[in-house]
Amino acid sequence: MKLLPLSLVGISLLLSGCVTNPADCDPTTGDVSIITKFNCNYSGTYDNRIEQKQAILANEKALNTEFKAVFAAIEKEKQQTNASLKSKQASQQALNQSMNNLLNQIRQKTKGQNDIQKQINEIDKQMKAAQNNPSKSVMEKQLELENLQNQVINLQSDLGLK
């Protein structure tokens, strides 16, 4: 007789293990009864949850690795652009310095020749306009430089230095 109530309790515990759903096996929900914990462990729900979380973590790590690769590529491109920009600025500055030296020397040698002084002033004016507008595209800059080169060639031929 005493065996019957004990066996009913055992059977009810065994059958309650089949009723456990995965939502009940979330350890972050708070206080879970010992029977529920046992059933979650026995049914493999905890193991399934761990495997799912590990799969999510692996996916997140892979995604994070991709983000890091993209950020590294962006940083590398940014550094190359900065180096290219600094190189272009240095060559532009060298060109400006060279052109200013040339124009100053020609000004000294051609004092009193108004037509050549006008050409020098026009070239100087265009150089300063180009310096004040650095946002032009590469093609526009090339056209400006070609125009400037043609004017310098004309000046050179007018001076008879060709």
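The values are calculated or read from the model by the stated rules, or taken from the named source; none is laboratory data. Note that the coordinates shown come from a computational prediction; the quantities given were computed from them, not determined experimentally. Here the Cβ is made from the backbone with ideal geometry for all residues, glycine too, and neighbour counts use every protein chain on show.
Overview of results
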{"item": "Pairs with Cβ under 7 Å, 6+ apart, first in region 42-56 and outside the structural domain of residue 27 (by TED's automatic domain parsing) and under 13 Å from residue 25 (Cα atoms), second exposed (fewer than 10 other Cβ atoms within 10 Å of the Cβ) and hydrophobic (A, V, I, L, M, F, W, C)", "result": "none"}
{"item": "Those residues of region 81-104 which are over 41 Å from the mean Cα position of the chain (by Cα) and closer than 13 Å to residue 152 by Cβ, in sequence order", "result": "102, 103"}
{"item": "Residues of region 106-162 that turn out to be surrounded by 14 or more Cβ atoms within 10 Å (Cβ to Cβ) and not in a helix (DSSP H, G or I), as a count", "result": "2"}
{"item": "Residues being among the basic types (Lys, Arg) and more than 29 Å from residue 133 (Cβ to Cβ) - total across region 62-91", "result": "2"}
